Amino acid sequence: MKKGLTFTSILLLVSAITVLAGCAQSTKEKESAQTEPANSQVQTELIYASAKDINDMNPHLYTGSMPAQGMIYESLVENTPDGIKPLLAESWDISEDGKTYTFYLRQDVKFHDGEPFNAEAVKQNIDAVQANAEKHAWIKLSTKITSVKVIDEHTVELTLSEAYYPALVELSMTRPYVFISPKDFKEGGTKDGVSGFHGTGPYKLTAHKVEENATFEANEDYWGGAPAIKKITSKVLPAGETTFLALQKGEINFVFTDDRGADSIDVEAMDQLAESGDYQLVRSEAMNTNMIVANSSRQNSPVQETAVREALWVGIDRETISNDIFNGTQTVADTLFSANVNYAKVDLKKREYDPEMAKQLLDQAGWTLASGEGVRKKNGQPLAMKLYYDSNSSSQKIQAELIQYSMKELGVQLEIVGEESTSIANRRATGEYDLLFNQTWGLAYDPQSTIAAFTSDSAYKHTTSGIAEADELYKKIDAVMVSTDEASRQSLYADIMKIVHDEAVFIPITNGRVTIVAPENLEGISFKQTQYELPFEQMNFKYIN
Amino acid sequence: MGSYIVKRILLAIPLLIIISFITFVLINLSPLDPAVVVLQAQEVPQITDELIAQTNEALGFDQPFMIQYANWIMAVLQLDFGNSYVSGEPVWSLMGPAFMNTLKLTLVSSVFIIALSILLGVICAMREGKLLDRSVRGISFFLTAMPSYWLAAIMIWYFSVKLDMLPTSGMDSYRSYILPVIVITVSYTGIYFRTVRSSMLSNMNEDYVLYARASGLSEKKVTLHILRNSLQVAVSIFCMAIPIVLGSTVVIENVFAWPGLGRLSVKSILSRDFPIIQAYVLMLAVTFVLFNTLSDIINAAMNPRLRKEF
């Protein structure tokens, strides 16, 4: 009887396995049947993996996915490597005093829901943004707009409280000064949510399954011409390994990174895909700078001293970080802003990796190493500091460890602490840190946004306020933002960059770039001025089956 | 029996109140200003003092702690967990679909876990010490010890990429269930079948088995008798299998991009979306308490002695 039972059980087990295998088998047949017609469609379709859902696509708030918002919404003007270019505004005039901007709008633009894009829509949108001005404090333009006036159907006038030169740059950003159909407004505004997501951009949002995927279809009536890629799907794939496997299988065919390497698969996986011949890797120019921020105003900390910060700078081997930690995907940064940032072509003294010089600097500053001891001291105080990094960033952790080791060789005791990015932002705001990892705002925002943050309590006020020339620095920052003269702006920016460079409060490490993994036959891949968006509408496939 | 059930349920209530309080306190122990957390979750690029004051007032963070707790618990009792800090949508409208997705995965997996555990447990007990018993236990030990994300990656690589049989991830059709269910089943069956096996073995040595055999019952009937008694012990363990699997799908959901509770909770933790974290913790705790109560009731129904002890 025992035998009988065992036999039955094994039979059951085997049949269970067979059923499972059978399921799998039949699905294989189904799938191969499905992929035949799909093959020809694939040529006009991109499916990209994203670590996050597209979230709330309200363009006047900040939780939506920027690449997705960039496909749907457009701004009045566009920021390009050659400066500000027309977009929804064909041209514009700026008054003598720099306070009045008159925009002449394109006349052939409609929102995705068929509503006309006109001066009235511009006014309603900008008014809706201004109604929530506290949330937009980071964008200084929001504090300067006093009124928006409809001159005629396609002319709109923006009045500022004072001249503000980066106005056009800030109007070109992905958010908040972009336009959504006024029909989508809730209670006449957008700050409490919107009822739909109709922009004027090259793609329309046609489907969204929360935490699964979102589908964007080409706007055939797009004023700039219908895009060649007809369908773009954003698929939520949180794990790097799964993303890599899905790329190999062809379930997704496009991946790109942002400045922090999020939304990404690792460098080795990217190389492997490129080697397979099915994919190409495309890298942008430098988009931003990853850096260590030193708190010059920290009481009783060695980080207050310029010599200590300078020693730290020359004591960090950025070549090794760039080559070994980032496999060359990030390039060595010598200054806070890379040379392709506006106004950043400034002659600043280069600080190469030089541990001997670091030791000299520390010796001269009185931080001496007694024989038989590992840590330098001055008046009995050890040369000890803490460096905070984002615990979710594996590359920051490795960099922190490398820097800790280099500092130990110099007799500097560096404690490294990993924390959530929100805690780090909190430390930056309260000044509870010696050193922490951070990055500049990026090409589209710099230099003005990062420099404006030098004076902001919630950003870099603690970093900059301890240096001797702090007052002078802040005066220059105020002056540069309202200057109407190009030459004086250039010289003010040069002074600002020189002060923080000489004081070594922002220690640059590497320049971040955007990396795209795309099908080998995809053409027209380019980048925008931000690390967050891509011009999908310019892409097309080389040959169509 | 009726009074036992009532008593047992009444006992669960103070437990749930304590859990709700701890959930609320733990989250409020965070050193960060709650308004700052909300604004960071909304990815506001720059947080000003005015904005913090405005948010504190709007969300009632300026009120005393106990009033905040009372307001929260009163709302929770009406299944209102507040709004997500990130999207502003009601927590339940986000948790509901995610919960259903995870529940589907959990129930399908639990059926397989329970069926396989009983099957393997019985087979191994009947063949105690034999090659079959030893090899099943050996393999299960190996599979249980294997990290599930690793197993998942291998399965995706083999079945999805190499053989091109199944989707790598997502929740599109019944085919999407196959790999995650296999991984969950493999990870848990090893634990549960051992319980069935040892329970079978200890029952085999009981007097009633000797008596049954002595009174000439067929071996088949004796085995079924042992199985029935062994399963009584296993019932409470199986009852707990559902909340355990429910609460531990985080890794699997992340690997397979399954839009469930595990993923939602990780995302909420990373963005400090406290209303969702609170609802998640509370909901899991309630599920554990409920299933624990349920298993006690089932046990009591099967074994009258337990009712008297209570």
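The values are calculated or read from the model by the stated rules, or taken from the named source; none is laboratory data. If you're wondering where the values come from, they're calculated on a predicted model, not measured in any experiment. Glycine also receives a Cβ, built like all others from the backbone with ideal geometry; neighbour counts cover every protein chain displayed. Remember, those area values only see protein heavy atoms, side chains included, never the ligands or the DNA or RNA. Shrake-Rupley method; radii C 1.70, N 1.55, O 1.52, S 1.80 Å.
See the values below:
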| item | result |
| --- | --- |
| Tally, over the stretch A:197-244, of residues that are within 14 Å of chain B (Cβ to nearest Cβ), out of contact with any strand residue (DSSP E or B) (no Cβ under 7 Å at 6 or more places or on another chain) and open to solvent by 30 Å² or more (accessible area, probe 1.4 Å) | 5 |
| The listed residue being over 25 Å from residue A:192 (Cβ atoms) and under 28 Å from the mean Cα position of the chain (by Cα), out of A:167, A:131 | A:167 |
| Options B:186, B:181; residue that is closer than 24 Å to residue A:209 by Cβ and of a type in the set (A, V, I, L, M) | B:181 |
| Within the stretch A:98-190, strands (runs of 3 or more DSSP E) holding 2 or more residues that are open to solvent by 50 Å² or more (accessible area, probe 1.4 Å) | A:145-152 |
| Filter pass, residue B:164 being within 10 Å of chain A (Cβ to nearest Cβ), open to solvent by 60 Å² or more (accessible area, probe 1.4 Å), in contact with a helix residue (DSSP H, G or I) (Cβ under 8 Å, 6 or more places away or on another chain) and not in a helix (DSSP H, G or I) | yes |
| Residue match in the stretch A:400-412 (condition: touching a residue at least 12 places away in the same chain (Cβ under 8 Å), outside any helix (DSSP H, G or I) and either more than 27 Å from the chain's Cα centre (by Cα) or within 30 Å of residue B:268 (Cα to Cα) (or both)) | yes |
| Flag for residue B:107 being more than 10 Å from chain A (Cβ to nearest Cβ), assigned to a helix (DSSP H, G or I) and open to solvent by 70 Å² or more (accessible area, probe 1.4 Å) | yes |
| Qualifying residue in the stretch A:493-511 (condition: closer than 30 Å to residue A:276 by Cβ and either out of contact with any helix residue (DSSP H, G or I) (no Cβ under 8 Å at 6 or more places or on another chain) or β-branched (Val, Ile, Thr) (or both)) | yes |
| Number of positions in the stretch B:243-258 that are in a helix (DSSP H, G or I), open to solvent by 30 Å² or more (accessible area, probe 1.4 Å) and more than 10 Å from every other protein chain (Cβ to nearest Cβ) | 2 |
| Residues within the stretch B:221-242 that are in contact (Cβ under 8 Å) with a residue 60 or more places away in the chain, over 13 Å from the mean Cα position of the chain (by Cα), open to solvent by 10 Å² or more (accessible area, probe 1.4 Å) and more than 14 Å from every other protein chain (Cβ to nearest Cβ), tallied | 4 |
| One residue from B:282, B:264 being facing chain A (nearest Cβ under 9 Å), open to solvent by less than 20 Å² (accessible area, probe 1.4 Å), touching a helix residue (DSSP H, G or I) at 6+ places or on another chain (Cβ under 6 Å) and within 22 Å of residue B:34 (Cα to Cα) | B:264 |
| Residue within the stretch A:52-71 that is touching a Leu at 6+ places or on another chain (Cβ under 7 Å), open to solvent by 30 Å² or more (accessible area, probe 1.4 Å) and modelled with pLDDT under 95 present | no |
| Single condition residue A:143 does not satisfy, out of (1) within 14 Å of chain B (Cβ to nearest Cβ); (2) modelled with pLDDT of 95 or more | (2) |
| Any hit, the stretch B:114-128, residues being more than 26 Å from the chain's Cα centre (by Cα), exposed (fewer than 15 other Cβ atoms within 10 Å of the Cβ) and farther than 25 Å from residue B:271 by Cβ | yes |
| Of the criteria (1) open to solvent by less than 50 Å² (accessible area, probe 1.4 Å); (2) within 12 Å of chain B (Cβ to nearest Cβ); (3) closer than 25 Å to residue A:58 by Cα, which one residue A:257 fails | (2) |
| Counted residues, the stretch B:147-156 - those being within 8 Å of chain A (Cβ to nearest Cβ) and farther than 13 Å from residue B:256 by Cβ | 0 |
| Cross-chain or 6+ apart pairs with Cβ under 8 Å, the stretch A:56-67 first and within 11 Å of another protein chain (Cβ to nearest Cβ) and more than 11 Å from residue A:214 (Cβ to Cβ), then buried (at least 22 other Cβ atoms within 10 Å of the Cβ) and small (Gly, Ala, Ser) | A:56/A:64; A:56/B:87; A:58/A:64; A:63/B:87 |
| Residues satisfying the stated conditions in the stretch A:64-84, i.e. charged (D, E, K, R) and part of a loop (DSSP other than H, G, I, E, B) | A:74, A:82 |
| Pick from the stretch A:374-394, criterion touching a strand residue (DSSP E or B) at 6+ places or on another chain (Cβ under 9 Å) and either open to solvent by 90 Å² or more (accessible area, probe 1.4 Å) or among the polar types (S, T, N, Q) (or both), ranking: nearest to the other protein chains (Cβ to nearest Cβ) | A:392 |
| Residue check for residue B:184: open to solvent by 30 Å² or more (accessible area, probe 1.4 Å), in a helix (DSSP H, G or I), closer than 24 Å to residue B:281 by Cβ and away from every other protein chain (no Cβ under 13 Å) | no |
| Residue list for the stretch B:187-220, restricted to those being crowded, with 19+ Cβ neighbours inside 10 Å, hydroxyl-bearing (Ser, Thr, Tyr) and under 30 Å from residue B:149 (Cα atoms) | B:187, B:188, B:189, B:192 |
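Table: residues versus (1) over 29 Å from residue A:533 (Cα atoms); (2) of a type in the set (S, T, N, Q); (3) in contact with a helix residue (DSSP H, G or I) (Cβ under 9 Å, 6 or more places away or on another chain).
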{"site": "A:419", "(1), (2), (3)": "no, no, yes"}
{"site": "A:424", "(1), (2), (3)": "no, no, no"}
{"site": "A:448", "(1), (2), (3)": "no, yes, yes"}
{"site": "A:459", "(1), (2), (3)": "no, no, yes"}
{"site": "A:464", "(1), (2), (3)": "yes, yes, yes"}
{"site": "A:472", "(1), (2), (3)": "yes, no, yes"}
